[in-house]
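No lab work stands behind these numbers, since they all come straight from the coordinates. Treat the numbers as computed from the prediction; the structure is a model and nothing was measured. Here the Cβ positions follow ideal geometry from the backbone for every residue, glycine too, while neighbour counts run over all protein chains shown.
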Amino acid sequence: MNKVAQVTLLFWVIKICVTTLGETAGDLLSMTLNIGYAVSTAILMGIFVATAALQLASKSYHPFLYWTVILATTTAGTTMSDFMDRTLGLGYPAGAAILITILLSILALWRAIIGSLSVDNIRTPKVEIFYWAAILISNTLGTAFGDFLADSSGLGFEGGAILITAILSLIVLANYLSRISKTALFWAAFVLTRPLGATAGDLLTKTHEQGGLGFGTVSSSAILAVFVAACIVFAARNGKEHRQEQLARRRAADSMQNA
């Protein structure tokens, strides 16, 4: 049984919202509560390892567990990126280059060992480990890229979000109008939705003087958490109905063949 969410339009809506929540929650821990990037990263990586272990131990797809692991990668990715770029002083370009190298290495090793990078059939622990490692690094890379666009590129929060949205629109068009690998497009979209979430999170939490909307990390995180939970419930119900319809069709087809 496939243990990950079905990739639909709602999947991407939830993904963007979860990554935005990861940005605001990560900033809440490291900045608002003044814990610091290093300690925050240690705490959030511990949460990621714990939730990923539960996901690996499960025998089937559990929506809230799956998206909790995704959220854990986004919050840990936020503080890891900030730790690399700010505490270690690597800066956005060097930090992004390191993360790109790690991500490409994970994907290359995944392809070499498994033979495919498909995310439509994640069933074995070995494939899941590659899957979650790639997601963790891609979300960390997305944070660095989003912060670069917002802080260093001159585009600002809104400009960065507009640019990434435009690139994602091109990916959507390529999905329907080109022969480019669907798997390659998925990973490109997955990486880019993280900086979109990062810039959206900054837009929500930063003050008006900084170019944001000034909602703060606490209010933004609470609003996003409620919205994400509602989307997950809706997606789970639709998925259950879709599986029931498929099962009914298969039973009907089998009955016709046996008649």
Cα pairs beyond 31 Å in the chain, in percent, come to 25
The local net charge around residue 7, scoring Lys/Arg +1 and Asp/Glu -1 for residues other than residue 7 whose Cβ lies under 12 Å from its Cβ, equals +1
On a full-extension model of 0.36 nm per residue, what is the gain between residue 53 and residue 170, subtracting their alpha-carbon distance, rounded to one decimal in nm?
38.6 nm
How far is helix 37-57 tilted off the main Cα axis of the chain, in degrees rounded to 10, range 0 to 90?
10
So how tilted is helix 91-114 from the main axis of the chain? Cα-based, degrees 0 to 90, rounded to 10.
20
Rounded if a/c under 1.5, otherwise prolate or oblate - region 100-199, Cα gyration tensor axes
oblate
If amide hydrogens are placed 1.01 Å from N in the peptide plane, which non-local residues have theirs closer than 5 Å to the one on residue 4?
122
Net charge over other residues, Cβ less than 13 angstrom from the Cβ of residue 186 (K, R count +1; D, E count -1):
+1
Projected label distance in nm at residue 226 and residue 185, using a 7 Å step from Cα toward the beta-carbon
3.6
Among the lysines, select those whose C-alpha is under 19 Å from the C-alpha of residue 126, and discard any that sit fewer than 8 residues away in the same chain.
3, 59
Specify the inter-centroid distance of region 174-194 and region 68-119, based on alpha-carbon positions, in whole Å.
18
Among the lysines, which have Cα under 16 Å from the Cα of residue 206 when same-chain residues fewer than 8 positions away are ignored?
none
How do 176, 131 rank when sorted from fewest to most other Cβ atoms within 10 Å of their own Cβ?
176, 131
Binned at 10 Å from 0, what are the whole-percent values of the Cα-Cα distance distribution for region 161-224, short to long?
21, 37, 24, 15, 2
